[in-house]
Amino acid sequence: MRFGHAFWPGEKSRESLPRKIRSCNVAETGFSYSSGSVSLKGQDHEINPIDRPGMAGKTLRHGTIFAAMLLSLDTGTAYAGDLTILHINDHHSHLKPDGRMSLKLDGKSTRVRSGGMPAVVAKMKELQGLNQNVIKLHAGDAVSGSLFFTLFKGEADAALMNKVCFGAFALGNHEFNEGDAGLAKFLDFLNAGDCSTPVLAANIKPEVGVSALTPNSATDYIQPYTVMQMDGMKIGFVGIDIVRKTKLSSSPDESTVFLDEAETAQRKVDELKASGINHIVLLTYYGYGNELELAASIDGADVIIGGDSHTLLGDFDDLGLNAAGPYPTVVKGVGGKSVCVATAWQYSQIVGELNISFNDAGEVQSCKGIPHVMLADSFKRKNADGDRVEIEGAARDAVYAQIKADPKLSIVEEDADAAALLDSFNVKVEEMRSVKVGNVTENLCLSRIPGDKRSKICAPEDTAGKGSDISMLVAHAFREMAKTSDIAIQNGGGVRTDISKGDLTMGDAYKLLPFANTLVEMDMTGAEIKAVLEEALDYALQPDGSTGAYPYAAGLRWHVDAGKAAGERLSKMEFKGRNDNAWSALDMNKSYRLVTNNYIAAGRDGYLTFKTVKNDGRYTDTYLDYAQSFVDYVLERGSVGRGRGGILLHNAARLRKSHWGISRGGTVAGKSGL
């Protein structure tokens, strides 16, 4: 009889054991082994260990840690060994490949088609075949962010995740977007497959008997950790979720308790160490910066696989992408021991491959790895007419040569079964684009700068006096859906179409807001808010700038005079919070919470002060998809228009710019918010 494997479907599994055994915690359970049975707190139960090829490293169904009891029965424990972790995070219901990313290939900007869950499945299968002692991990935020979640509420995500068969999945804040009950529904979909992926969150405590996550016990759906054995190494995996963001930016039940991330991580590591588990992996939805701090401070952690911050790690400068650090990042932990930290960007674009070697003392001897970018065989560049077309001949051969020489890049053929499964969901998604989400009570005109000729349903004079109706409605929607912000700022160029009176469909909303943008919140003083608006206005007015920078707002209004010098064009700035009854002067010394899109939050389109605030750490990405946020806003209200939702137009001002499509010195509305 051989030990060291968990029970697995098809054997005499955990399902045949009393629930107490199936859900036990090693640190709280006494047990002993004798003649093929386990004595658990005085009760003897038969066991049937698995002894067949290919089962090494399998976890128990539903993430229980009964395997740890079997592991502890081994006569010896291996401390040295190798472990390979394949991981993703923050895929946010982005299941299809993305055709919007450009890479610098052969020195030229090249539009590629990349990622997608069928490619993730294929790449993980390939890498699993090339390595030993492989565990596949997901570090959170699987759901929310595309029509696949809007329509299927996690069913599509769960189905594709079960094609991967993750060894563990940590909860992120967006798993709670529809409350504890919504999360339980998603996890039911996940558990309906054959993988039975353990769902980990040691610092989340739903109220037993109240939350849909804990109808009978604290571990009905969520476990604090799971344990498995590989090559004699006992490895514990602890889940941690970010607390403040989950409580404030998502919708967990009020009765669900969230514990401190670092304190909980240390406590669970101590429990596992005391139980004889000699290697610890923290699966943390906590953000790269926070995870580096955990690595330096948690005694006993060997590896951290993270999520939340959508951080790109690795050497990507030559490809034109900006990474935040090396992959993996090695941190000097407690006692000078090395701790490996890795995360895998976002939206099913990268599969992280982390290879760890442990020495005879059980410490990390080395860790290295590759963040794999999965490409389809599609490479486009603009031709003389400005159209993107597939490159051919020597240009394409040069791209192939670069991909072959770069271990980060590979052309991946999608897993056929996963692709077919995705297609079955995608048919309904395409149908959903015609689904009505609300009613528009009047034409909502588009303009960038007031009075321009951008609108297809309104004359220039219709926007000359008030600017873009739809841009201010979008700003108002963002403020409402971000929950904690009192001000919203949206660049005019980020809103792409008019909205005509009548039915608004899902397709209309995603055509209106077509980019892969998210809502971010920033804490800024009144002076900083004025500064960033002055910067954006100046950039919009420059001949070599972009009219798309022109700012629209909710919760703010102002006078603007473009005839004044840069930095002095805005005056009479007023603020009205979402719960305020009247406007008041914007306090230049007071701090306000503001929401915007992540594009201009990075300092683009002339919004330079935003970048300063972001770099200063006063920035939180909610990862709420901006188009879906607009859809949710309309769904809540049923109908929208200029009057509905509190859109007010104020303060005529003098803007002087001949190329707007109005006469020099024409009078138009100073941009005001809601």
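The values are calculated or read from the model by the stated rules, or taken from the named source; none is laboratory data. Fair warning: this is a prediction, and the values are worked out from it, not measured in the lab. Backbone-built Cβ (ideal geometry, glycine too); neighbour counts: all protein chains shown. The accessibility values were calculated without ligands, DNA or RNA, using every heavy atom of the protein model including side chains. Shrake-Rupley method; radii C 1.70, N 1.55, O 1.52, S 1.80 Å.
If you check 520, 532 for being touching a helix residue (DSSP H, G or I) at 6+ places or on another chain (Cβ under 9 Å) and assigned to a helix (DSSP H, G or I), only one passes: 532.
The single residue among 136, 163, 104 that is open to solvent by 10 Å² or more (accessible area, probe 1.4 Å), closer than 20 Å to residue 342 by Cα, of a type in the set (Lys, Arg) and not in a loop (DSSP other than H, G, I, E, B) turns out to be 136. Under the condition of being touching a Ser or Thr at 6+ places or on another chain (Cβ under 8 Å) and open to solvent by less than 10 Å² (accessible area, probe 1.4 Å), which residue from segment 350-366 is nearest to residue 101 (Cα to Cα)? By that ranking, first place goes to 352.
With respect to being among the charged types (D, E, K, R), more than 27 Å from residue 628 (Cβ to Cβ) and open to solvent by 40 Å² or more (accessible area, probe 1.4 Å), residue 530 fits the description.
Counting the residues of segment 421-439 that are more than 17 Å from residue 348 (Cβ to Cβ) and part of a helix (DSSP H, G or I) gives 6. Looking across segment 325-348 at every residue that is open to solvent by 10 Å² or more (accessible area, probe 1.4 Å) and among the polar types (S, T, N, Q), the one that is farthest from residue 367 (Cα to Cα) is identified as 346. Here is the figure for segment 66-93: residues that are open to solvent by less than 30 Å² (accessible area, probe 1.4 Å), modelled with pLDDT of 50 or more and not small (Gly, Ala, Ser) total 10.
Residues in segment 299-324 that are modelled with pLDDT of 95 or more, surrounded by 23 or more Cβ atoms within 10 Å (Cβ to Cβ) and assigned to a loop (DSSP other than H, G, I, E, B): 301, 302, 314. Of the residues making up segment 570-590, those that are surrounded by fewer than 13 Cβ atoms within 10 Å (Cβ to Cβ) and not in a loop (DSSP other than H, G, I, E, B) are 584, 585.
The set of residues from segment 613-635 being in a helix (DSSP H, G or I) and in contact (Cβ under 8 Å) with a residue 60 or more places away in the chain comprises 613, 614, 626, 627, 628, 629, 630, 631, 632, 633, 634, 635. Exactly one residue out of 603, 567 is of a type in the set (Gly, Ala, Ser), surrounded by 18 or more Cβ atoms within 10 Å (Cβ to Cβ) and free of Cβ contacts under 8 Å to residues at least 40 places away in the same chain, and it is 603.
Select from segment 139-153 the residues that are at positive phi and in contact with a Gly (Cβ under 8 Å, 6 or more places away or on another chain) and write down the one among them that is surrounded by the fewest Cβ atoms within 10 Å (Cβ to Cβ).
153
Quick test for you: out of 444, 422, 409, pick the one residue that is of a type outside the set (Val, Ile, Thr), touching a residue at least 12 places away in the same chain (Cβ under 8 Å), closer than 30 Å to residue 317 by Cβ and open to solvent by less than 20 Å² (accessible area, probe 1.4 Å). Among 444, 422, 409, only 409 is of a type outside the set (Val, Ile, Thr), touching a residue at least 12 places away in the same chain (Cβ under 8 Å), closer than 30 Å to residue 317 by Cβ and open to solvent by less than 20 Å² (accessible area, probe 1.4 Å). On inspection, residue 183 fails the criterion of being buried (at least 24 other Cβ atoms within 10 Å of the Cβ), hydrophobic (A, V, I, L, M, F, W, C) and outside any helix (DSSP H, G or I).
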